[in-house]
Amino acid sequence: MPPLRFLALLAGLLASSRAGSTPLVGIVGGRKARPLEFPFLASLQSQGRHFCGGALIHTSFVLTAASCFRNLNPGVATVVLGAYDLRRREPSRQTFSIRSISENRYDPQENLNDLLLLQLEREANLTSNVALLPLPPQNAVVVAGTGCQVAGWGNRRNGGRLSRFPRVVNVTVTPEDQCRPNNLCTGVLTRRGGICHGDGGTPLVCNGLGHGVASFSPNPCGKGPDFFTRVALFREWIDSVLNGPAQGLA
Ligand SMILES: *[C@@H]1O[C@H](CO)[C@@H](O)[C@H](O)[C@H]1NC(C)=O
Ligand SMILES: *[C@@H]1O[C@H](CO)[C@@H](O)[C@H](O)[C@H]1NC(C)=O
(Lines give C-alpha, C1' and ligand atoms only; values in the text may rest on other atoms or scores of the structure.)
(Ligands and ions follow the chains in the order given, each with its own letter.)
Protein backbone atom coordinates (compact mmCIF):
# COMPACT_ATOMS: atom_id res chain seq x y z
CA MET A 1 0.00 0.00 0.00
CA PRO A 2 1.46 3.37 -0.90
CA PRO A 3 1.52 5.89 1.96
CA LEU A 4 -1.41 8.26 2.22
CA ARG A 5 0.63 11.37 1.64
CA PHE A 6 1.62 9.83 -1.61
CA LEU A 7 -1.97 9.10 -2.62
CA ALA A 8 -3.04 12.64 -1.79
CA LEU A 9 -0.28 14.07 -3.95
CA LEU A 10 -1.22 11.66 -6.65
CA ALA A 11 -4.90 12.59 -6.65
CA GLY A 12 -3.93 16.21 -7.24
CA LEU A 13 -1.52 15.26 -9.94
CA LEU A 14 -3.97 13.06 -11.83
CA ALA A 15 -6.79 15.58 -11.51
CA SER A 16 -4.66 18.16 -13.27
CA SER A 17 -3.32 15.96 -16.00
CA ARG A 18 -6.01 15.10 -18.51
CA ALA A 19 -5.04 17.06 -21.61
CA GLY A 20 -1.89 17.34 -23.67
CA SER A 21 0.49 15.19 -25.64
CA THR A 22 1.95 11.88 -24.53
CA PRO A 23 5.36 11.92 -22.91
CA LEU A 24 8.37 11.53 -25.10
CA VAL A 25 10.45 8.37 -24.87
CA GLY A 26 13.69 8.03 -27.55
CA ILE A 27 16.75 9.43 -29.25
CA VAL A 28 16.88 10.13 -32.99
CA GLY A 29 20.06 10.59 -34.95
CA GLY A 30 22.53 9.76 -32.20
CA ARG A 31 24.92 6.95 -31.42
CA LYS A 32 24.84 4.11 -28.92
CA ALA A 33 26.12 5.25 -25.54
CA ARG A 34 29.05 3.39 -24.05
CA PRO A 35 28.60 1.43 -20.81
CA LEU A 36 29.23 3.73 -17.79
CA GLU A 37 29.04 6.84 -19.99
CA PHE A 38 25.85 8.16 -18.32
CA PRO A 39 25.79 6.61 -14.84
CA PHE A 40 23.23 9.18 -13.65
CA LEU A 41 20.59 7.97 -16.13
CA ALA A 42 17.49 6.41 -14.61
CA SER A 43 15.00 4.20 -16.43
CA LEU A 44 11.46 4.63 -15.13
CA GLN A 45 9.58 1.39 -15.63
CA SER A 46 6.07 0.07 -15.27
CA GLN A 47 5.70 -3.70 -15.12
CA GLY A 48 9.28 -4.03 -16.30
CA ARG A 49 8.77 -1.75 -19.30
CA HIS A 50 10.69 1.48 -19.73
CA PHE A 51 8.42 4.51 -20.19
CA CYS A 52 10.55 7.54 -19.29
CA GLY A 53 14.01 8.66 -18.33
CA GLY A 54 15.32 10.56 -15.35
CA ALA A 55 18.49 11.63 -13.61
CA LEU A 56 19.82 10.73 -10.18
CA ILE A 57 20.60 14.06 -8.46
CA HIS A 58 20.90 12.89 -4.83
CA THR A 59 21.22 9.40 -3.36
CA SER A 60 17.48 9.50 -2.60
CA PHE A 61 16.08 11.58 -5.47
CA VAL A 62 15.55 11.28 -9.20
CA LEU A 63 14.60 14.29 -11.33
CA THR A 64 12.17 13.58 -14.16
CA ALA A 65 9.24 15.17 -16.01
CA ALA A 66 5.80 15.53 -14.45
CA SER A 67 4.31 14.64 -17.85
CA CYS A 68 5.71 11.10 -17.43
CA PHE A 69 2.97 10.46 -14.86
CA ARG A 70 0.02 11.92 -16.73
CA ASN A 71 -1.51 8.51 -17.25
CA LEU A 72 0.38 6.45 -14.74
CA ASN A 73 0.20 6.02 -10.98
CA PRO A 74 3.69 6.48 -9.46
CA GLY A 75 2.70 3.75 -7.01
CA VAL A 76 3.15 1.15 -9.75
CA ALA A 77 6.35 2.61 -11.21
CA THR A 78 9.88 1.54 -10.38
CA VAL A 79 13.11 3.47 -10.78
CA VAL A 80 15.99 1.47 -12.24
CA LEU A 81 19.53 2.78 -11.79
CA GLY A 82 22.71 1.25 -13.16
CA ALA A 83 20.96 -0.11 -16.25
CA TYR A 84 22.43 -0.31 -19.76
CA ASP A 85 20.87 -3.21 -21.67
CA LEU A 86 17.13 -3.09 -21.10
CA ARG A 87 16.74 -6.73 -22.13
CA ARG A 88 19.04 -8.12 -19.47
CA ARG A 89 18.77 -8.43 -15.70
CA GLU A 90 22.08 -6.77 -15.07
CA PRO A 91 23.77 -7.25 -11.69
CA SER A 92 24.74 -3.55 -11.78
CA ARG A 93 21.11 -2.52 -11.40
CA GLN A 94 19.52 -1.03 -8.33
CA THR A 95 15.73 -0.96 -8.40
CA PHE A 96 13.49 1.17 -6.22
CA SER A 97 9.87 1.88 -5.62
CA ILE A 98 8.86 5.51 -5.15
CA ARG A 99 8.32 6.83 -1.65
CA SER A 100 6.92 10.25 -2.56
CA ILE A 101 6.70 12.73 -5.39
CA SER A 102 7.06 16.52 -5.40
CA GLU A 103 6.02 18.83 -8.18
CA ASN A 104 6.03 22.59 -8.52
CA ARG A 105 2.99 24.08 -10.29
CA TYR A 106 3.02 21.69 -13.22
CA ASP A 107 0.62 22.97 -15.90
CA PRO A 108 -0.25 20.15 -18.32
CA GLN A 109 -2.30 22.44 -20.60
CA GLU A 110 0.66 24.68 -21.32
CA ASN A 111 3.34 22.07 -20.61
CA LEU A 112 4.88 24.45 -18.09
CA ASN A 113 6.94 23.57 -15.00
CA ASP A 114 7.17 20.04 -16.31
CA LEU A 115 9.39 18.48 -13.72
CA LEU A 116 8.99 16.10 -10.84
CA LEU A 117 11.17 14.87 -8.01
CA LEU A 118 10.83 11.21 -7.12
CA GLN A 119 11.99 10.25 -3.67
CA LEU A 120 13.33 6.70 -3.66
CA GLU A 121 12.19 4.24 -0.99
CA ARG A 122 15.81 3.90 0.17
CA GLU A 123 19.21 5.37 -0.67
CA ALA A 124 21.04 4.39 -3.82
CA ASN A 125 24.60 3.11 -3.53
CA LEU A 126 26.99 5.14 -5.67
CA THR A 127 29.08 2.84 -7.88
CA SER A 128 30.78 3.02 -11.26
CA ASN A 129 27.30 2.38 -12.73
CA VAL A 130 25.34 4.75 -10.49
CA ALA A 131 26.40 8.39 -10.01
CA LEU A 132 24.88 11.80 -9.36
CA LEU A 133 24.29 14.45 -12.02
CA PRO A 134 25.20 17.94 -10.74
CA LEU A 135 22.67 20.71 -11.38
CA PRO A 136 23.26 24.36 -12.33
CA PRO A 137 22.85 27.18 -9.80
CA GLN A 138 19.57 29.09 -9.62
CA ASN A 139 18.95 31.20 -12.74
CA ALA A 140 22.08 30.04 -14.56
CA VAL A 141 21.81 30.85 -18.27
CA VAL A 142 22.75 28.64 -21.20
CA VAL A 143 23.39 30.84 -24.22
CA ALA A 144 22.09 29.98 -27.68
CA GLY A 145 24.59 27.94 -29.64
CA THR A 146 25.85 25.99 -26.61
CA GLY A 147 26.51 22.32 -27.34
CA CYS A 148 24.75 19.87 -25.02
CA GLN A 149 24.06 16.16 -24.93
CA VAL A 150 20.91 14.20 -24.35
CA ALA A 151 20.82 10.44 -23.82
CA GLY A 152 18.04 7.94 -23.31
CA TRP A 153 16.39 4.67 -24.25
CA GLY A 154 13.67 6.29 -26.36
CA ASN A 155 12.67 5.44 -29.90
CA ARG A 156 15.16 5.87 -32.68
CA ARG A 157 12.51 7.22 -35.03
CA ASN A 158 8.89 8.35 -34.98
CA GLY A 159 6.71 5.26 -34.61
CA GLY A 160 9.71 3.04 -33.90
CA ARG A 161 10.52 0.94 -30.86
CA LEU A 162 12.40 1.62 -27.67
CA SER A 163 16.13 1.33 -27.91
CA ARG A 164 17.75 -1.63 -26.15
CA PHE A 165 20.78 0.48 -25.13
CA PRO A 166 20.83 4.17 -24.28
CA ARG A 167 21.65 6.42 -27.22
CA VAL A 168 23.15 9.88 -27.11
CA VAL A 169 22.91 12.82 -29.47
CA ASN A 170 24.75 16.13 -29.50
CA VAL A 171 22.32 19.02 -29.68
CA THR A 172 22.60 22.81 -29.86
CA VAL A 173 20.64 25.31 -27.76
CA THR A 174 18.35 27.32 -30.05
CA PRO A 175 17.85 31.09 -30.00
CA GLU A 176 15.18 32.34 -27.58
CA ASP A 177 12.76 33.28 -30.35
CA GLN A 178 12.39 29.57 -31.15
CA CYS A 179 11.63 28.71 -27.53
CA ARG A 180 9.77 29.96 -24.42
CA PRO A 181 11.21 31.70 -21.37
CA ASN A 182 10.63 28.73 -19.06
CA ASN A 183 12.10 26.20 -21.46
CA LEU A 184 15.48 25.44 -22.94
CA CYS A 185 15.15 24.33 -26.54
CA THR A 186 17.57 22.37 -28.65
CA GLY A 187 17.97 21.27 -32.20
CA VAL A 188 20.43 19.35 -34.30
CA LEU A 189 21.90 21.38 -37.12
CA THR A 190 21.98 20.05 -40.69
CA ARG A 191 20.23 16.69 -40.06
CA ARG A 192 17.50 15.04 -38.03
CA GLY A 193 18.14 14.45 -34.38
CA GLY A 194 16.74 14.82 -30.90
CA ILE A 195 14.40 13.26 -28.40
CA CYS A 196 11.55 10.86 -29.20
CA HIS A 197 8.96 8.74 -27.43
CA GLY A 198 10.50 7.19 -24.32
CA ASP A 199 12.93 10.05 -23.69
CA GLY A 200 10.56 12.15 -21.58
CA GLY A 201 12.17 13.12 -18.28
CA THR A 202 15.68 12.41 -19.47
CA PRO A 203 18.27 15.09 -18.68
CA LEU A 204 19.84 17.60 -21.04
CA VAL A 205 23.48 17.93 -20.05
CA CYS A 206 25.38 21.11 -20.90
CA ASN A 207 28.93 21.64 -19.65
CA GLY A 208 28.50 18.69 -17.30
CA LEU A 209 25.38 20.06 -15.59
CA GLY A 210 21.79 18.89 -15.84
CA HIS A 211 20.29 22.04 -17.35
CA GLY A 212 17.14 20.49 -18.80
CA VAL A 213 14.48 17.82 -18.35
CA ALA A 214 12.99 16.50 -21.60
CA SER A 215 9.42 17.75 -21.77
CA PHE A 216 7.94 17.70 -25.28
CA SER A 217 8.55 18.13 -28.96
CA PRO A 218 5.91 19.84 -31.12
CA ASN A 219 7.09 18.17 -34.33
CA PRO A 220 7.79 14.57 -35.39
CA CYS A 221 10.83 13.10 -33.62
CA GLY A 222 14.13 14.52 -34.80
CA LYS A 223 12.68 17.59 -36.52
CA GLY A 224 13.19 19.86 -33.53
CA PRO A 225 13.15 22.05 -31.66
CA ASP A 226 12.87 19.90 -28.55
CA PHE A 227 11.59 21.55 -25.39
CA PHE A 228 13.25 20.94 -22.03
CA THR A 229 12.19 22.26 -18.65
CA ARG A 230 14.72 24.90 -17.59
CA VAL A 231 16.15 23.33 -14.43
CA ALA A 232 17.99 26.49 -13.31
CA LEU A 233 14.62 28.14 -12.63
CA PHE A 234 13.89 25.41 -10.07
CA ARG A 235 17.23 24.94 -8.33
CA GLU A 236 16.17 26.60 -5.08
CA TRP A 237 12.93 24.64 -5.02
CA ILE A 238 14.81 21.40 -5.72
CA ASP A 239 17.22 22.11 -2.86
CA SER A 240 14.30 22.83 -0.53
CA VAL A 241 12.77 19.45 -1.35
CA LEU A 242 16.09 17.62 -1.00
CA ASN A 243 16.75 19.25 2.36
CA GLY A 244 13.12 19.41 3.42
CA PRO A 245 12.16 18.22 6.90
CA ALA A 246 9.30 16.14 5.47
CA GLN A 247 11.56 13.93 3.41
CA GLY A 248 12.61 11.51 6.13
CA LEU A 249 9.18 9.97 6.51
CA ALA A 250 6.30 9.61 4.12
C1 LIG B 1 23.68 -0.92 -0.96
O2 LIG B 1 24.70 -1.71 -0.44
C3 LIG B 1 24.34 -2.39 0.77
C4 LIG B 1 25.60 -3.09 1.30
O5 LIG B 1 26.18 -3.85 0.29
C6 LIG B 1 23.20 -3.36 0.47
O7 LIG B 1 22.81 -4.01 1.66
C8 LIG B 1 22.02 -2.56 -0.09
O9 LIG B 1 20.98 -3.44 -0.45
C10 LIG B 1 22.46 -1.77 -1.29
N11 LIG B 1 21.37 -0.91 -1.72
C12 LIG B 1 20.86 -0.95 -2.93
C13 LIG B 1 19.83 0.07 -3.23
O14 LIG B 1 21.19 -1.75 -3.78
C1 LIG C 1 29.60 15.52 -29.16
O2 LIG C 1 29.97 16.35 -28.09
C3 LIG C 1 31.06 15.82 -27.35
C4 LIG C 1 31.22 16.64 -26.08
O5 LIG C 1 30.78 17.94 -26.23
C6 LIG C 1 32.30 15.85 -28.25
O7 LIG C 1 33.41 15.35 -27.55
C8 LIG C 1 32.02 14.97 -29.46
O9 LIG C 1 33.08 15.05 -30.36
C10 LIG C 1 30.74 15.39 -30.17
N11 LIG C 1 30.40 14.37 -31.15
C12 LIG C 1 29.97 14.67 -32.37
C13 LIG C 1 29.65 13.52 -33.25
O14 LIG C 1 29.84 15.82 -32.75
Residues of segment 54-99 classified as under 20 Å from Val231 (Cα atoms), part of a strand (DSSP E or B) and open to solvent by less than 10 Å² (accessible area, probe 1.4 Å), total: 7
Matching residues, segment 29-53, being charged (D, E, K, R) and assigned to a strand (DSSP E or B): Arg31, Lys32, Arg49
Condition check for Asn170: within 15 Å of ligand 2 (Cβ to nearest atom) and of a type outside the set (A, V, I, L, M): yes
Close pairs (8 angstrom Cβ cut-off, 6 or more residues apart or separate chains): open to solvent by 60 Å² or more (accessible area, probe 1.4 Å) in segment 109-131, among the hydroxyl-bearing types (Ser, Thr, Tyr) and in a strand (DSSP E or B) anywhere: Glu121/Ser97
Some residue of segment 125-135 being assigned to a loop (DSSP other than H, G, I, E, B), under 18 Å from Ala65 (Cβ atoms) and within 16 Å of ligand 2 (Cβ to nearest atom): yes
Some residue of segment 82-92 being among the acidic types (Asp, Glu) and over 15 Å from Gly152 (Cα atoms): yes
Residue within segment 13-27 that is open to solvent by 30 Å² or more (accessible area, probe 1.4 Å), at pLDDT below 95 and either under 16 Å from Arg99 (Cα atoms) or outside any loop (DSSP other than H, G, I, E, B) (or both) present: yes
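The values are calculated or read from the model by the stated rules, or taken from the named source; none is laboratory data. Predicted model only: the values in this text are computed from it and were never measured. Using ideal geometry, Cβ is built from the backbone for each residue, glycine included, and neighbour counts are taken over all protein chains shown. Note: areas computed on protein heavy atoms with side chains; ligands, DNA, RNA excluded. Shrake-Rupley method; radii C 1.70, N 1.55, O 1.52, S 1.80 Å.
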